[in-house]
Amino acid sequence: MASRVAVATRTGKDPKQEAHGRGFWIALAAPGMIWLILLFVVPFYAVLAIAMGQLNRLYETPIAVWNPLHWSSSNVINVWHDLVGATSFAGPIVIRTIVYVAIGSLLCLVIGYPAAYFVARFAGRRKGLFLLLLIAPFWISYMMRMLAWIGLLQTDGYVNKALSALGLISQPVNWLGGKPVTVILGLVYGYIPYLILVLFAGLDRIDPALIEAGRDLGLGRVRTFLRVTLPMSRQPILTALLITVLPMIGDYYTNQLMSGAANTSMIGNLIAGQLGTPGLQGQGAVLSMLLLFVLLVPMIYYVVATNRSSREAM
């Protein structure tokens, strides 16, 4: 008690007020912590218990093992053989997913950066209007937007009709018959609004005086952009790509609607298929955990890069 009084005397704060302040912040954080425990920690451990559990051979159902001392590695071994073994079939799917996500995120950046840059730098007082026009179509549910694309890409849809009218194709193209380009463009269309919003928020915070200073020093528009704007937007780009890549890697619904073919399946489709197949739920749980651990890598890199940039800014 004496030490608390001494600390309070040095800091000029009443111990009762400090305790009341700590209690207030604990009470404020309690709902979020309870929510996190119930909807993340508990389901996470349940999936882990199934992944490291056993299989009921009679009913082909997984048996969750809650005690870590009794965990089995059979599902992990089976998944490892599926990924890199001589009879592996999941390895090409993982590689395909990485390629699709890399191309899709790059296209999102190429399309979204100019749009966000224009709204942040040249829209003026109409920023809110342009931003509204950019994201308004995406207020419609994801399923409805994908179904609309299916109508456009059918063999008798407007895309084939437009291409035929322009003389670019001689016969209708089956866009929905397992074409990788259709899946990639579907991913871009589905996730590009998140990237635009994050980029706009970052670009809008760049001080225009810094850009004008570059122009005053004799740099042209292109060199000012390359030497001032682009380096200062590195952190928003990293954030936008992270927010876009993370859900894109685990996406399975876009591929299922826009293709549904085995030659375009992604890791999300593989996990969904295993979780719905009797006897393979444990392996699907292992793949889910592996995907989560892989996604932790860019998240950790983002936190480290953010802390580094914050220290440099100070």
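The values are calculated or read from the model by the stated rules, or taken from the named source; none is laboratory data. As the structure is a prediction and not an experimental result, all values here were calculated from the model. In this analysis, Cβ positions are derived from the backbone assuming ideal geometry, glycine residues included, and neighbour counts consider all displayed protein chains. Areas reflect the complete protein model, heavy atoms only, side chains present, ligands, DNA and RNA absent. Shrake-Rupley method; radii C 1.70, N 1.55, O 1.52, S 1.80 Å.
Working only within the range 182-205, note down all residues that are open to solvent by 20 Å² or more (accessible area, probe 1.4 Å), hydrophobic (A, V, I, L, M, F, W, C) and more than 18 Å from Arg96 (Cβ to Cβ). Spell out how you get there, then give the answer.
Residues of the range 182-205 open to solvent by 20 Å² or more (accessible area, probe 1.4 Å): 185, 189, 191, 194, 197-198, 200-201, 204-205.
Next, only the ones that are hydrophobic (A, V, I, L, M, F, W, C) stay: 185, 197-198, 200-201.
Listed by number, the residues that qualify are Leu197, Val198, Phe200, Ala201.
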Of the numbered conditions (1) open to solvent by 20 Å² or more (accessible area, probe 1.4 Å); (2) at pLDDT below 90; (3) farther than 18 Å from Leu106 by Cβ; (4) out of contact with any Pro (no Cβ under 6 Å at 6 or more places or on another chain), Thr155 satisfies every one except a single condition; which is it? (4)
Regarding the range 91-103, can at least one residue be identified that is more than 30 Å from Leu238 (Cβ to Cβ), in a helix (DSSP H, G or I) and either touching a Leu at 6+ places or on another chain (Cβ under 7 Å) or open to solvent by less than 50 Å² (accessible area, probe 1.4 Å) (or both)? no
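Here is a yes/no grid of residues against (1) among the β-branched types (Val, Ile, Thr); (2) open to solvent by 70 Å² or more (accessible area, probe 1.4 Å); (3) outside any helix (DSSP H, G or I):
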residue	(1), (2), (3)
Leu242	no, no, no
Gln274	no, no, no
Thr277	yes, no, yes
Leu296	no, no, no
Val303	yes, yes, no
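Hey, does the range 159-181 have a residue that's among the basic types (Lys, Arg), part of a loop (DSSP other than H, G, I, E, B) and open to solvent by 30 Å² or more (accessible area, probe 1.4 Å)?
Residues of the range 159-181 that are among the basic types (Lys, Arg), as a first pass: 161, 179.
With the extra rule that they be part of a loop (DSSP other than H, G, I, E, B), the set shrinks to 179.
Narrowing further to those that are open to solvent by 30 Å² or more (accessible area, probe 1.4 Å): 179.
Within the range 159-181, one or more residues are among the basic types (Lys, Arg), part of a loop (DSSP other than H, G, I, E, B) and open to solvent by 30 Å² or more (accessible area, probe 1.4 Å).
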Any residue in the range 78-107 that's among the acidic types (Asp, Glu): show its pairings with residues that are open to solvent by less than 70 Å² (accessible area, probe 1.4 Å) and assigned to a helix (DSSP H, G or I) at Cβ separation under 7 Å, as long as the two are six or more apart or on different chains. Asp82/Ala90
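Among the residues of the range 45-66, is any β-branched (Val, Ile, Thr), without any contact (Cβ under 8 Å) to a residue 60 or more places away in the chain and either in a helix (DSSP H, G or I) or closer than 16 Å to Leu287 by Cβ (or both)? Please lay out each step first, then the result.
Applying the first criterion (β-branched (Val, Ile, Thr)) to the range 45-66 yields 47, 50, 61, 63, 65.
Those still in the list that are without any contact (Cβ under 8 Å) to a residue 60 or more places away in the chain too: 63, 65.
After this cut, where a residue has to be either in a helix (DSSP H, G or I) or closer than 16 Å to Leu287 by Cβ (or both) as well, the list is none.
Checked against the condition, which is being β-branched (Val, Ile, Thr), without any contact (Cβ under 8 Å) to a residue 60 or more places away in the chain and either in a helix (DSSP H, G or I) or closer than 16 Å to Leu287 by Cβ (or both), the range 45-66 yields no hits at all.
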Determine which single condition Pro236 fails, assuming it passes every other condition in (1) touching a Leu at 6+ places or on another chain (Cβ under 8 Å); (2) open to solvent by 30 Å² or more (accessible area, probe 1.4 Å). (2)
